[in-house]
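Just so you know, all these numbers are worked out from the coordinates, no wet-lab data involved. Since the structure is predicted, the reported quantities are computational estimates derived from the model, not experimental observations. Cβ sites come from the backbone with ideal geometry, for glycine too, and all protein chains shown count toward neighbours.
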Amino acid sequence: MKKHAYIALVLLLGLASCTKEIDIQIPEYAPRLVVDGNIEAGSNPLVFLTTSNPTSDTVSLLNYLQSVITDATVFVVCANDTFYLEPVGINQLMLSSQKRLAEMLRIELEEVQLLPIQVYTSTTLIGDEGHTYELNIQFDGKAYKGQTFLPAHTALDSLYWKREADSIEYGYSWARLTDPSSSKDAYRWEVRRIDKQQNGTDLDAIFRRARRGIFSDEYFNGQTIEFYVQNPLKRKDSTHLKEYRRYFRFGDSVVVKLSKMDPAVYLYYDRMDAQLDANANPYATPINIPSNIPGCLGIWAGYTPWYDTLFCVD
């Protein structure tokens, strides 16, 4: 054996004999309180509480239902008034509140109506624009507090449907908006079709927003802009061509809900959308989603809505 090969073999044997077993202590997972709550001008508050689960847990409906919290103390303070929220079963909520809960959870109305869960609410508290609402939660020996503000609503200057150049039947919804110059504003755009089905019900039971249906006035503060919005609703008519699924169809009747929100609520949803966009990118930088309730995950969101109806005709 050559001298150099002999020395290399000795070094390798020496390194192998010097290996050390390293014991890495992984911190025990500590569940956190998750809040999904909102209050709208003209509506009652809805607060849904759960605890977070470790990523190693199997994702299942049973695990999710077991994480629902119904033994917390929840109340909202507005000015000098305090309103206690009680846990209520889904079937005990007004239909309008059931629809809002389905919109919050991003599932169908008939699906949320089947869930054996409870949500905190109060029939004596109705949101009013221009007011701040402080959410207080006491759970497991800890107290949490966050607040949201209902800004003054902003109406659209105009709302209309415009055919696409290559189609005689499909087009986007267009709008003109004059943004107030007095403050930083953020908006949420939602829609639902009110065309009647054969059973007499509206074509869409709940409002939906498309990805990036939340936007701020960072680049048009105090200005008038004109923009189009895609259709986020499901194709429930087999004659609605698949390649035009993001368009509204001639003859559609669509309720548009334009809501204002405070900056903290906008930041939460903007970061959440950015995280969803980054999930498919292995090189994306991790994004933290900021809550407006210190110590919790989730959001206490306030919205001031404005409504109008879009008729898709020339």
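Assuming charge only on the beta carbon of Lys and Arg (+1) and of Asp and Glu (-1), the dipole of the chain about its Cα centre is about 1020 debye to the nearest 20. Relative contact order of the chain: what whole-number percent is it, with Cα pairs under 8 angstrom and at least 6 residues apart? Across the chain, relative contact order equals 20 percent. Positive end of the dipole of the range 33-149 (Cβ unit charges, origin at the Cα centre): among Ala72, Pro45, Tyr133, the Cα lying farthest that way belongs to Ala72. Relative contact order of the range 33-149, taken over Cα pairs closer than 8 Å and 6 or more residues apart, is 33 percent.
Remark: the Cα gyration tensor places the range 91-230 in the oblate category, a/c being 1.5 or greater and a/b not exceeding b/c. Derived scalar couplings between HN and Hα for the range 183-199 equal 7, 7, 10, 9, 10, 10, 10, 10, 9, 8, 7, 10, 4, 7, 8, 4, 7 Hz in order, rounded to whole Hz, by the Karplus curve 6.51 cos²θ - 1.76 cosθ + 1.60 (θ = phi - 60°), x for Gly and Pro. Taken over the alpha carbons of the chain as equal point scatterers, the Debye sum produces base-10 log I(q)/I(0) values at 0.08, 0.09, 0.14 Å⁻¹ of -0.46, -0.56, -1.22.
For every other residue with a beta carbon closer than 9 angstrom to the beta carbon of Ala205, add +1 if it is Lys or Arg and -1 if Asp or Glu, then tell me the sum.
Spelling it out: positives minus negatives among the neighbours equals -2.
Taking each DSSP H run with n ≥ 4 as -39500 (n - 2.57) and averaging over every residue of the chain yields -5000 deg cm²/dmol at 222 nm. Shape call for the range 33-149 from the C-alpha gyration tensor, a ≥ b ≥ c root eigenvalues: rounded (a/c under 1.5), prolate (a/b greater than b/c) or oblate? Judged from the Cα gyration tensor, the range 33-149 comes out oblate (a/c at least 1.5, b/c at or above a/b).
Lysine pairs, Cα distance under 17 Å, 8 or more residues apart or cross-chain: how many in the chain? For the chain, qualifying lysine pairs total 6.
Take the chain, connect every pair of alpha-carbon atoms lying under 10 Å apart with a spring to form a Gaussian network, then pick out the residue of Ala186, Ala205, Ala278 with the largest mean-square fluctuation. Ranking Ala186, Ala205, Ala278 by mean-square fluctuation puts Ala278 first. Count the net charge of all other residues whose Cβ sits under 15 Å from the Cβ of Phe139, scoring Lys and Arg as +1 and Asp and Glu as -1. Every neighbour counted, the sum reads -1. With a cut-off of 12 Å between beta carbons, the residues surrounding Trp161 carry a summed charge of -1, where Lys and Arg count +1 and Asp and Glu -1.
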